[in-house]
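For reference, the structure discussed in these notes is given below.
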Amino acid sequence: MAAAVALLGAGGMASLAVPALHVQVVAPTFDLVLDSLTTFVTLSVAVLSGLRYRQRTEPIALFQAAAFLVLALANGLTVALTVVGLDGRVGLALTAPGQAPLYVFTVARLLAAALLVTGGLDALRPRPTRWPAFVLGGSVLLLLLAIALVEWQTPALPALAVLAPSTGAVAGHPAAGALPTSTLPGAAIGVIVAGLFLWAAALSRRLYRRDLALADGFLAVGLVIAAYAQVATALYPGTYTGLVTSGDLLRLTFDLVLLLSIPAEATVTMAALRRANADLARLRAAEAERAAMDERARLSRELHDGLAQTLWLAKLKAARLAALPALGSEADALVDELGAAIDAGLDEARQAVQMLRLDGAPAGTLRELLVGAVDEFADRYGLRVEFECGPDLPALSPRAQAEALRIAREALTNVRRHADATVVRVRALVEHGQLTLRVDDNGRGFDPNAVGATAFGLASMRERAALIGGELIIDSAPAAGTRVSLRVPAALPTSPGSVAAR
């Protein structure tokens, strides 16, 4: 907006200092195209402003629709009269100029500027607009009444412009270079209209700074151009058909600015809509995650209060059964097997409760959780476990952290159940921008290809790895041990660290 004011001000001063710089040429075809384009653009902006008011009920949009509808109607009448050849009868033709067209366009621009100022003031002091149909219909009716009054009282009205000899003959102009020049009343009214346009521009700028609506920014710049166009018209009227002046070219620039505001605002609106949809998707995901966390908490309570308590009761009963005399060797063996099965069930129930609670609120970093899992496994089953973990492990999301710990626990459980191993090694490190979690054992091993789809535990581990965007690799062979490797993409920490072993 500052650039527009500076450029237009410099151009205006130059044209005043050197009148020859002012554009004033006779070009009937170009003038008709210019008027048609102006009518189309102003009517389009009026329609879009009306749709904006219907959707958002913004008062400023209603007044903008009325203002641009008035301008479109005035320009449209000029185009229609020119096309049907009646411009000479109503004083629009340069060969037979009259005062009525000057008054009609002056009233139209004055009414449009007043509507834009009123809309800006209403937007800055928000209040509901009553009778919206009256604002639109009343503006059009007022313009039509002004046209009728001007046609009736034209002889009694002071002249707004007179024909005066130009600095040089205009080619193709029958009046031998006589072009319209404003009178003092015409120039004064034109300056007043220009002041109203500048006032509306200032209000649009305030609205843009308050709401950051791109349409208000474009309108503010356009209205500055419209104000300068009105000043140029006040000095050198270009109302008559076939005559193109600097004011007409500035109005064309104003129309182009309005035209550019339409796709610009649409782009901003679509971007805001995409952001809103993304926010809604995040809210839905957060709500689903919260519901899942609540459900996991409920299941963990039921497991703890239900299944785990039942297994403890069964363990106590088995202990009482083992204390009975004269059970026999076979019964003693069955009691021992029953106790082992109950202990295994209790262990799995306890791990399930821990995993369910882990999803909702992680109890620490991945390193701390791995340390706890490894220590518990070593203490419970008496296996030698070697654990290595770098202090610079990247932070994972709670979901990824929980799934990685589940995979490590499942791998350790498989070692206990199937490997007959004496040593287990667990390593967590960063390799090539990925978090790598490995569980190695020196057990009997197996052929991964021979297991196939029957290995539910391995399939479950692969599914968990895929859920967090990771990859699970099983490296094993009969009598050669097994290595389970989980690779998860993760951001590296900013500070390097060394590998710590325990």
Would a scan of the stretch 446-454 turn up a residue that is at pLDDT 85 or above and either under 21 Å from Glu388 (Cβ atoms) or of a type in the set (Val, Ile, Thr) (or both)? no
For the stretch 58-81, enumerate the residues that are farther than 18 Å from Val117 by Cα and either free of Cβ contacts under 8 Å to residues at least 12 places away in the same chain or open to solvent by 40 Å² or more (accessible area, probe 1.4 Å) (or both). Leu73, Leu77, Ala80, Leu81
What's the total number of residues in the stretch 377-402 that are open to solvent by less than 50 Å² (accessible area, probe 1.4 Å), in contact with a strand residue (DSSP E or B) (Cβ under 9 Å, 6 or more places away or on another chain) and either under 27 Å from Asn442 (Cβ atoms) or at pLDDT 80 or above (or both)? 9
Is there a residue in the stretch 80-102 that is out of contact with any Ser or Thr (no Cβ under 6 Å at 6 or more places or on another chain), within 23 Å of Leu223 (Cα to Cα), modelled with pLDDT of 85 or more and not charged (D, E, K, R)? no
Looking at Val25, is it touching a Ser or Thr at 6+ places or on another chain (Cβ under 9 Å) and at pLDDT below 80? yes
Does Gly469 fit the bill of being outside any strand (DSSP E or B), on the phi > 0 side of the Ramachandran plot and crowded, with 19+ Cβ neighbours inside 10 Å? no
Only one residue in Val244, Val257 is touching a strand residue (DSSP E or B) at 6+ places or on another chain (Cβ under 9 Å), within 30 Å of Leu48 (Cα to Cα) and modelled with pLDDT of 80 or more, so which one is that? Val244
Considering only residues that are buried (at least 22 other Cβ atoms within 10 Å of the Cβ) and in contact (Cβ under 8 Å) with a residue 60 or more places away in the chain, which ones fall in the stretch 36-52? Thr38, Val41, Thr42, Val45
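Hey, any hits in the stretch 407-421 for a residue that's in a loop (DSSP other than H, G, I, E, B), hydrophobic (A, V, I, L, M, F, W, C), open to solvent by less than 30 Å² (accessible area, probe 1.4 Å) and in contact (Cβ under 8 Å) with a residue 12 or more places away in the chain?
yes
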Which residue, of Leu249, Leu219, is under 19 Å from Thr42 (Cα atoms), in a helix (DSSP H, G or I) and open to solvent by 20 Å² or more (accessible area, probe 1.4 Å)? Leu249
Flag if Val193 is at pLDDT 85 or above, closer than 25 Å to Gly119 by Cβ and in contact with a Lys or Arg (Cβ under 7 Å, 6 or more places away or on another chain): yes
Restricted to the stretch 192-216 and to residues being crowded, with 24+ Cβ neighbours inside 10 Å and touching an Asp or Glu at 6+ places or on another chain (Cβ under 7 Å), the residue nearest to Pro263 (Cα to Cα) is Ala215
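Only one of Val353, Val374 is surrounded by 16 or more Cβ atoms within 10 Å (Cβ to Cβ), modelled with pLDDT of 70 or more and either touching a Pro at 6+ places or on another chain (Cβ under 8 Å) or within 24 Å of Leu467 (Cα to Cα) (or both). Can you tell me which?
Val374
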Of the residues Arg502, Arg483, only one is modelled with pLDDT under 50, charged (D, E, K, R) and either over 20 Å from Leu393 (Cα atoms) or touching a Phe, Trp or Tyr at 6+ places or on another chain (Cβ under 7 Å) (or both); which? Arg502
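The values are calculated or read from the model by the stated rules, or taken from the named source; none is laboratory data. This one's a predicted model, so the numbers in the text were calculated from it and none came from an experiment. Because the Cβ atoms are built from the backbone with ideal geometry, glycine has one as well, and the counts that use them run over all protein chains shown. Side chains are part of the model used for accessible areas, which takes the heavy atoms of the whole protein and leaves out ligands, DNA and RNA. Shrake-Rupley method; radii C 1.70, N 1.55, O 1.52, S 1.80 Å.
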